[in-house]
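*Asks:* Quick one: structure below, then a few questions.
The values are calculated or read from the model by the stated rules, or taken from the named source; none is laboratory data. Computed from a predicted structure; not experimentally measured. All accessible areas refer to the heavy atoms of the entire protein, side chains included, with ligands and DNA or RNA removed. Shrake-Rupley method; radii C 1.70, N 1.55, O 1.52, S 1.80 Å.
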Amino acid sequence: MRFTLLLLLVISFYSNASDEITIHIGETSYSINDSDKMLTNTELEIELSKIEFSSVTLDIDYCAEPSLIAEAYSAIANSKPSVSNIQLKAGGSSEETKCKNV
């Protein structure tokens, strides 16, 4: 009985641990959570289809192009149409001189 309860607690922890993800939108690419792997829009959609999540935070760099943000929304909608909780977070330096694509 105790083992069953412990097993249920562990399973529920792991199922909720990946419930929320963060997509970092950089100046020219994406990354997921704390990964150092830089992704294109197509790669982002493929990776998102492999992950179970219901909530997303878009961590948007100041230098990110608006099209990258729109493509991230599209990748989320295509890979997980049921996701309804998407939050925005601003990041990076707010100095245009730090942006490489300006």
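*Asks:* Give the cross-link partners of K50 among the lysines, using a straight C-alpha distance below 18 Å as the criterion and excluding same-chain residues fewer than 8 apart.
*Replies:* Cα-Cα hits under 18 Å: K37, K80.
*Asks:* Here's another thing I want to ask about it. Stokes-Einstein at 10 °C, 1.306 mPa s, Kirkwood radius from Cα pairs: D for region 18-102 in µm² s⁻¹?
*Replies:* This corresponds to a translational diffusion coefficient of 123 µm²/s.
*Asks:* Let me cross-check Y30: its accessible surface, 1.4 Å probe, with only protein heavy atoms counted, in Å² to the nearest 10?
*Replies:* 0
*Asks:* For region 40-86, give the percent of accessible area contributed by carbon and sulfur heavy atoms, probe 1.4 Å, rounded to a whole number.
*Replies:* Details: 1250 of 2430 Å².
Heavy-atom surface of region 40-86 belonging to carbon and sulfur, 1.4 Å probe: 51 percent.
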